[in-house]
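Visitor: A single structure is presented below for examination.
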Amino acid sequence: AQSVTQPDIHITVSEGASLELRCNYSYGATPYLFWYVQSPGQGLQLLLKYFSGDTLVQGIKGFEAEFKRSQSSFNLRKPSVHWSDAAEYFCAVVGNNNAGNMLTFGGGTRLMVKP
Amino acid sequence: DSGVTQTPKHLITATGQRVTLRCSPRSGDLSVYWYQQSLDQGLQFLIQYYNGEERAKGNILERFSAQQFPDLHSELNLSSLELGDSALYFCASSPRQGRGETQYFGPGTRLLVL
């Protein structure tokens, strides 16, 4: 069965600083990977996804993520954080389609942005 | 706005009661998913329907059931409620059931069991 680990529960960065959120996955075959963001009181919004091709994926709101098979990682990055990026971020993986295409989520990383 | 609607937004009820959560998927989406978000369990998949048929089951309790109707809206029924069922319940939808498809999430229903 697939699993996702987000090692950092909380991260605080200053506005304008760069950001990297870590995500490690466990899955036997080629994973389908997603990053979602959840703002307070809101549902989840897709930032980006990867399942093939270029291992550097561009998403919305200036985010990007890099798939590294050798490290089983799919870290999310942003070069300059804005105060509006404060939210909770979830990495997720979709497993074998024979068993449905449900998302398996990591525990989330809560991002706080200092002015 | 994802296009997925969920009602009600908030629900407060007592232990032992039964509630129904409703989800309307995005126009044209055939797959509906239910997820539970709680402090101790995080975000967990409950169940998926595709075009009216159950497609996959996750960590869904026997006290919980769901269905997808011919108009593609879905309902999640929670019965014999316990304090631990207090959580945020999300519905998501996708066009079909491909692994790479984006799942669009609704705003959720916050359930509080007292």
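Visitor: Among residues belonging to the stretch B:45-59 that are among the charged types (D, E, K, R) and within 9 Å of chain A (Cβ to nearest Cβ), point out the one that is nearest to the chain's Cα centre (by Cα).
Guide: B:Lys57
Visitor: Can you tell me which residue within the stretch B:1-14, out of those that are among the small types (Gly, Ala, Ser) and either free of Cβ contacts under 8 Å to residues at least 12 places away in the same chain or surrounded by fewer than 18 Cβ atoms within 10 Å (Cβ to Cβ) (or both), is nearest to the other protein chains (Cβ to nearest Cβ)?
Guide: Checked the stretch B:1-14; the qualifying residue nearest to the other protein chains (Cβ to nearest Cβ) is B:Gly3.
Visitor: In the stretch A:17-38, is there at least one residue being within 22 Å of B:Ser38 (Cα to Cα) and polar (S, T, N, Q)?
Guide: yes
Visitor: Filter the stretch A:17-37 down to the residues that are touching a Cys at 6+ places or on another chain (Cβ under 7 Å) and in a loop (DSSP other than H, G, I, E, B) and list them by number.
Guide: A:Cys23 - this is the single residue of the stretch A:17-37 that is touching a Cys at 6+ places or on another chain (Cβ under 7 Å) and in a loop (DSSP other than H, G, I, E, B).
Visitor: Right, next: Quick one: in the stretch B:102-114, which of the residues that are part of a strand (DSSP E or B) and hydroxyl-bearing (Ser, Thr, Tyr) is farthest from B:Val4 (Cα to Cα)?
Guide: Looking at the filtered set, the residue picked out is B:Thr109.
Visitor: Further, regarding this structure: Condition first: touching a strand residue (DSSP E or B) at 6+ places or on another chain (Cβ under 8 Å) and not polar (S, T, N, Q). Now tell me which residues in the stretch A:49-64 satisfy that.
Guide: Listed by number, the residues that qualify are A:Lys49, A:Tyr50, A:Phe51, A:Leu56, A:Val57, A:Gly59, A:Ile60, A:Lys61, A:Gly62, A:Phe63, A:Glu64.
Visitor: Out of the residues in the stretch A:24-44 that are surrounded by fewer than 14 Cβ atoms within 10 Å (Cβ to Cβ) and within 11 Å of chain B (Cβ to nearest Cβ), state the one that is nearest to the chain's Cα centre (by Cα).
Guide: This residue is A:Ser39.
Table: residues versus (1) within 12 Å of another protein chain (Cβ to nearest Cβ); (2) farther than 26 Å from A:Leu48 by Cβ; (3) assigned to a loop (DSSP other than H, G, I, E, B).
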{"position": "B:Arg26", "(1), (2), (3)": "no, no, yes"}
{"position": "B:Leu43", "(1), (2), (3)": "yes, no, no"}
{"position": "B:Leu61", "(1), (2), (3)": "no, yes, yes"}
{"position": "B:Ser65", "(1), (2), (3)": "no, yes, no"}
{"position": "B:Glu75", "(1), (2), (3)": "no, yes, no"}
{"position": "B:Tyr89", "(1), (2), (3)": "yes, no, no"}
{"position": "B:Ala92", "(1), (2), (3)": "yes, no, no"}
{"position": "B:Gln97", "(1), (2), (3)": "yes, no, yes"}
{"position": "B:Gly100", "(1), (2), (3)": "yes, no, yes"}
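Visitor: So, one more: Run down B:Gln44, B:Gln36, B:Gln17 and say which single residue is crowded, with 21+ Cβ neighbours inside 10 Å and of a type outside the set (A, V, I, L, M, F, W, C).
Guide: Only one candidate qualifies: B:Gln36.
Bear in mind that the values in this text are calculations on the coordinates, not laboratory data. Model, not experiment: these values are computed from the prediction. Ideal geometry is used to build each Cβ from the backbone, glycine not excepted, and the neighbour counts take in all protein chains shown.
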